[in-house]
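Working notes, structure below.
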Amino acid sequence: MASLSVKPGQRFTLPDWQNNSILISADAEQQRYNSHHIRQEGQALRNETGNQARWDEHNSRTHLKDRIACVDKWREALARCLTDIDFEIDALTKVKEAAENAIQAKNLCLDVAIECLTLRESRRDIDVVRDPVEEELLREVKVIEKTKKELQQRVDDAFRQLCLLKEARQQVISDHKHKVEALELDRQCMSFSPTSGNISFKVNPTRIPDGSTALSEWEQNSRCNKERAEAEIKASVELRGAIALSIVQTNNELDAQRIATEFALRKRMRDMEAALNELRWQEQNTLDEIAEMEEEIRQLEEDIRKRTLDLKVAHTRLETRTYRPHIELCRDQAQYGLTDEVQQLEGIIRALQQKRTESQDALDALYRQLHRIRTDIGYKTNSLQLDNKCMDTRRKLVVSVEKFEPEVDAVNRTRDLPRKSQLELA
């Protein structure tokens, strides 16, 4: 008789088999839950990091744009300054040459005066006297030597000023060149993108390079270069005026004084007219500001009136709610809200009243300033009328001396000189 073979090994019960299936299913569900949770976290992290990366790149690009705009403004300012320096160097060179030519011309005048004195030494006997002619000739020699010395001093001053201008020009050129290079690099940085072929990892890119300067130092350096150039241009303009005036004085001191006086008078008249225009502009702006301030005060008073009405409503609501009967008289959220509203409205009204007081004080100050401006306009109008009368009176003078007119305007230069407060910057 055949026997049933029994496979050796552990036998599990049916509940064990069922529990195992349940455990496998539970573990599968747990693993799917964990996986889903991790996927959700990963998706949130990807969204967050992606947004952060895009924002950081946008922020960096914005900073680069702002920096490019700032550097470009300085580059343009330095370019204008360089143009002014070149113009001033050319103008001062021409005036210097004119002064040298005037010195050369004075040599001929001196030779003539000495020759006249030498010829007069040939007089004999009683004719050898110190007469007015000799005195005038001797005085002429002294005047010519004095004017030659003065003109030579002016030529030396012009030479030194040209050296200073060229030195300032070199600094401006160097600064301008550096800014052009910096702009090119920053614009190159602007062109980089994740798809660019020339991007790569760098060694320690966040290091501070040797020789780095602070932003304030950078701006101070450019400002100093520009201000020094402007100062040298201004000094050169003044020197050119002095040289031209010296040349005029060698022809005739009295005429030179007349020219200097009329120049100063015309300059004063221009300054007076400019001051009047500025005062009239200030007067109009002050009137406009007065109108705006009066309107602002009316608006403040209207807001105070409205907030006062709101406060009355809140007070009335609070007072009315005090008549709730028995247990209904509770400190509910409406009670707290109305209390907070009253406190807020009282604070708002105090702030509005304070601002109205400040605005009224400012308005009073504006009216006082307007009175000062109008008074000053009256004074300057009277002064300008007197100066015009002086100019009319001076037209009676007869000019009989040849005038020196340099090839460039050495006295009145109104070509786009940069102002000290212009960039700006700012």
* Mind giving me the nanometre distance, one decimal, between the label points for residue 276 and residue 49, set 7 Å out from Cα along Cα→Cβ? => 7.4
* Structure fact -> If the label point sits 7 Å along Cα→Cβ of residue 351, residues of the stretch 305-329 with amide N under 20 Å come out as 305-315
* Asked: Under the Karplus relation 6.51 cos²θ - 1.76 cosθ + 1.60, θ = phi - 60°, what is the ordered set of whole-Hz ³J(HN,Hα) values for the stretch 297-306, x standing for Gly and Pro?
  -> 5, 4, 5, 4, 5, 5, 5, 4, 5, 5
* Given a cut-off of 32 Å, name the pairs among 94/177; 106/166; 177/202; 73/355; 142/380; 96/177 whose C-alpha atoms lie farther apart than that in the structure shown. => 73/355; 142/380
* **Ordering of 196-209, 224-237 by burial proxy (mean other Cβ atoms within 10 Å per residue, highest first)** => 224-237, 196-209
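At 0.36 nm per residue, and after removing the present C-alpha to C-alpha distance, how many nm does the segment from residue 217 to residue 365 gain when stretched out fully? Show your work: numbers first, answer last.
Values: separation 148, 0.36 × 148 = 53.28 nm, distance 4.00 nm.
Full-extension gain reported as 49.3 nm.
Going highest first, how would you order 340-347, 43-50 by mean Cβ packing within 10 Å?
On the way: 340-347: 13.9, 43-50: 10.0.
Descending packing order for the listed peptides: 340-347, 43-50.
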* Probe 1.4 Å - accessible area at residue 180, Å² to nearest ten -> 60
* Gap in Å between the Cα centre of the stretch 31-95 and the Cα centre of the stretch 151-213? -> 19
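The values are calculated or read from the model by the stated rules, or taken from the named source; none is laboratory data. No experiment lies behind these values; they were computed from the predicted model shown. Heads up, the Cβs are rebuilt from the backbone with ideal geometry, glycines too, and the neighbour counts pull from every protein chain shown. Heavy atoms of the whole protein, side chains included, go into the accessibility calculation; ligands, DNA and RNA do not. Shrake-Rupley method; radii C 1.70, N 1.55, O 1.52, S 1.80 Å.
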